[in-house]
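**Student:** One structure coming up, written as structure tokens, with questions to follow.
Just so it is clear, none of the values below were taken in a lab; they were calculated from the coordinates. Because the structure is a prediction, the values reported are computed rather than measured. Cβ atoms come from the backbone with ideal geometry, glycine included; neighbour counts cover every protein chain shown.
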Amino acid sequence: MHICTCSHCKYTFRYPMIPFHCPDCGKDAVREATEEEIRDYHQMQAILREEIRLGLYAATG
Ligand SMILES: [Zn+2]
């Protein structure tokens, strides 16, 4: 899995390969995430997991 970031909208996501188009904004601006972006990504995932655990976030299957 790659961690990719869109240079246009800064959306960071995991994907089996670097997609041509950003799944969020649709721009052709996706590249491999930098170390800093990967750190932010993992931090965000940890926050989301905690919010789901506390029931603050509606899990959508
Ligand atoms: Zn984007």
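**Student:** I'd like the isolated cysteines in the chain, meaning no second cysteine's beta-carbon lies under 4.7 angstrom from theirs.
**Tutor:** Cys4
**Student:** Here's another thing I want to ask about it. For a quick check: with amide H placed at 1.01 Å from N, whose amide H comes under 5 Å from His2's, ignoring anything fewer than 5 positions away on the same chain?
**Tutor:** The answer is Tyr15, Met17.
**Student:** Run the dipole for the range 2-54 about the Cα centre, Lys and Arg Cβ at +1, Asp and Glu Cβ at -1, nothing else charged, and hand back the magnitude in debye, nearest 20.
**Tutor:** About 140 debye.
**Student:** Using amide H atoms built 1.01 Å from N in the peptide plane, name the residues 5+ places from Tyr11, or on other chains, whose amide H lies under 5 Å from its own.
**Tutor:** Placed amide hydrogens put Cys6 under 5 Å from Tyr11.
**Student:** Run the helix sum for the chain: -39,500 (n - 2.57) per DSSP H stretch of 4+ residues, divided by residue count, reported at 222 nm to the nearest 500 deg cm²/dmol.
**Tutor:** -11500 deg cm²/dmol
**Student:** Specify the angular offset, from 0 to 90 degrees and rounded to the nearest 10, of the alpha carbon long axis of helix 35-54 from the longest principal axis of the alpha carbons in the chain.
**Tutor:** Here the helix axis deviates by roughly 30 degrees.
**Student:** Treat each spin label as a single point 7 Å out from the Cα along the C-beta direction, and report the Ile47 to Cys25 distance in nm.
**Tutor:** In this crude spin-label approximation the distance works out to 1.9 nm.
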